[in-house]
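Only one structure is covered here, and it is reproduced in the block below.
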Amino acid sequence: MYINTHIHTPFSFSSFDSVEQAVKLAKEEGVGVLGINDFNTVEGHGPFAEYCSRYGIYPLFNIEFATLIEEDCSAGLKWNDSTYPGIMYLCGKALDFPVSFNADSKNLIGTVWKVSQDRIWKMIALVNRHLDSCSLDIVLDYNKVRLQYAKHAVLERHLARALYMAFVEKWNDPNILLDKFRVLFADESFNADMSDAVAMQNEILYRLFKPGKVGYIENNYANHVRFYEARTLILSAGGIPCYPMLLDSSKELTDKEKNIDLLINELIGLDIWAVEFISNRVNFETIKRYAQKFYDKGFCVTFGTEHCTLERYSLIPGAAGGRPLDEELEQIGYEGVCVYAAHQQMHHQNNPGFIDDMGKRLIHPARLRDFIRIGDEVINSAVKNVDSHIVRWY
């Protein structure tokens, strides 16, 4: 079976219109294990579990944060964000389901949501001022955008979608629409297919909401969740901290990722024993070299597709350019997902998992094969018997 441990859903932002649509496509493509991985929320876990049970797919319950490591920010060092130094995207894999957050975790998630939405309100105000200055009779309303397009928090991509739809509804003639977008972008030479919703929303996003543009509000480093805060939340929720690799083949490797041996040592020093490749943006040779090295060092290694933009593509992880992963990488990924499944299962039974509550690895390499076997049995039971694992999660 294929495995995919990292997709976003409409509970953050996704190319899918619903959780069910993502799970149904996974089933059609032969994906037997799927991991929900939304930013700052687990609100999608319930429907995700329900649809995975219905379609006979083993569910992985995850979360993701953009965290700040202050000393690396001060030193100008980049992790898995190619733009901002000190920012580390951190995933929590194989969380308890249903998860029960303690008071500190609830406060942290609430604060992250409020800070992000305060920024969105300010961006809306800037864009509305720009729309008014352009004599374009359109106004973005936060509450309407959230109701129509967002399941949890409003993001820049939701604003781009709302703006595109508002233009299309107001001016349905392609020529008039093109003229209005030229005014909006202050670009008389702009030309595009007005009916290409994906391309147009991307144009809006990059022309209005990125750094230096009229609707952009800087992300204040002081408001970012600290790495250790997010890591503590993940551990308290029963999860495994996981580092999602950037390794974008279209860009220069970041300070932290360009030397794999140093990266491995730093992650071990942070008690991170899992890495994940969003493989469709990484060339095959790089995936092969990095995945094998992490695997040899005893890391849990998996692959995902992310799906956090409007573009629709396969849920089967592959390398950049559409090159499939080879059998060795698929085996590495499957063993990694078995570790997650075993961890979820053991925690569900109130037993120790892959790591302890402090993030220390519990499973010695000599015992790892037996642990993987537990996960394999759990996964195959769920996949072969539709609805059989529903009792395991409810």
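Cβ-Cβ contacts under 8 Å between residues 6 or more apart (or on different chains), taken from a first residue in the stretch 158-169 that is over 15 Å from D141 (Cβ atoms) to a second residue that is small (G, A, S) and assigned to a helix (DSSP H, G or I), are listed as Y164/A197.
From the residues in the stretch 317-329 that are touching a helix residue (DSSP H, G or I) at 6+ places or on another chain (Cβ under 7 Å) and assigned to a helix (DSSP H, G or I), which one is surrounded by the fewest Cβ atoms within 10 Å (Cβ to Cβ)? It comes out as A320.
Results for (1) modelled with pLDDT of 95 or more; (2) under 11 Å from F209 (Cβ atoms); (3) under 23 Å from the mean Cα position of the chain (by Cα), shown as yes or no for each residue.
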position: D118; (1), (2), (3): yes, no, yes
position: C134; (1), (2), (3): yes, no, no
position: R146; (1), (2), (3): yes, no, yes
position: L155; (1), (2), (3): yes, yes, yes
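Total residues in the stretch 360-384 satisfying the condition of being hydrophobic (A, V, I, L, M, F, W, C) and part of a loop (DSSP other than H, G, I, E, B): the figure is 2. Kindly evaluate K170 against the criterion of being among the basic types (K, R), surrounded by fewer than 19 Cβ atoms within 10 Å (Cβ to Cβ) and within 30 Å of V225 (Cα to Cα). Answer is no for this residue.
Of all residues in the stretch 173-191, those that are surrounded by 14 or more Cβ atoms within 10 Å (Cβ to Cβ) and touching a helix residue (DSSP H, G or I) at 6+ places or on another chain (Cβ under 9 Å) total 6.
For every residue, the table says whether it meets (1) under 15 Å from C242 (Cβ atoms); (2) touching a residue at least 24 places away in the same chain (Cβ under 8 Å); (3) assigned to a loop (DSSP other than H, G, I, E, B); (4) not assigned by TED's automatic domain parsing to the domain that holds P59.
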{"site": "L310", "(1), (2), (3), (4)": "no, yes, yes, no"}
{"site": "L315", "(1), (2), (3), (4)": "no, yes, yes, no"}
{"site": "Q331", "(1), (2), (3), (4)": "no, no, no, no"}
{"site": "V339", "(1), (2), (3), (4)": "yes, yes, no, no"}
{"site": "H343", "(1), (2), (3), (4)": "yes, yes, no, no"}
{"site": "H347", "(1), (2), (3), (4)": "no, yes, no, no"}
{"site": "N351", "(1), (2), (3), (4)": "no, no, yes, no"}
{"site": "M358", "(1), (2), (3), (4)": "no, yes, yes, no"}
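You will find that of L246, L270, L325, the residue that is touching a residue at least 60 places away in the same chain (Cβ under 8 Å) and in the same structural domain as T67 (by TED's automatic domain parsing) is L246 and no other.
Conditions tested, residue by residue: (1) assigned to a loop (DSSP other than H, G, I, E, B); (2) farther than 20 Å from L325 by Cα; (3) modelled with pLDDT of 95 or more; (4) not assigned by TED's automatic domain parsing to the domain that holds D357.
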| position | (1), (2), (3), (4) |
| --- | --- |
| K213 | yes, yes, yes, yes |
| E218 | yes, yes, no, yes |
| E229 | no, yes, yes, yes |
| K251 | yes, yes, no, no |
| E257 | yes, yes, yes, no |
| D261 | no, yes, yes, no |
| N265 | no, yes, yes, no |
| V275 | no, no, yes, no |
| Y290 | no, no, yes, no |
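Tell me which residues, restricted to the stretch 247-286, are of a type in the set (A, V, I, L, M, F, W, C) and out of contact with any strand residue (DSSP E or B) (no Cβ under 6 Å at 6 or more places or on another chain). Result: L247, L253, I260, L262, L263, I264, I268, L270, V282, F284. From the set of residues in the stretch 27-36 that are free of Cβ contacts under 8 Å to residues at least 60 places away in the same chain and surrounded by fewer than 24 Cβ atoms within 10 Å (Cβ to Cβ), which is farthest from V99 (Cα to Cα)? It comes out as E28.
The values are calculated or read from the model by the stated rules, or taken from the named source; none is laboratory data. As the structure is a computational prediction, the values presented were derived from the model and not from experiment. Virtual Cβ from ideal backbone geometry, glycine too; neighbours counted across all protein chains shown.
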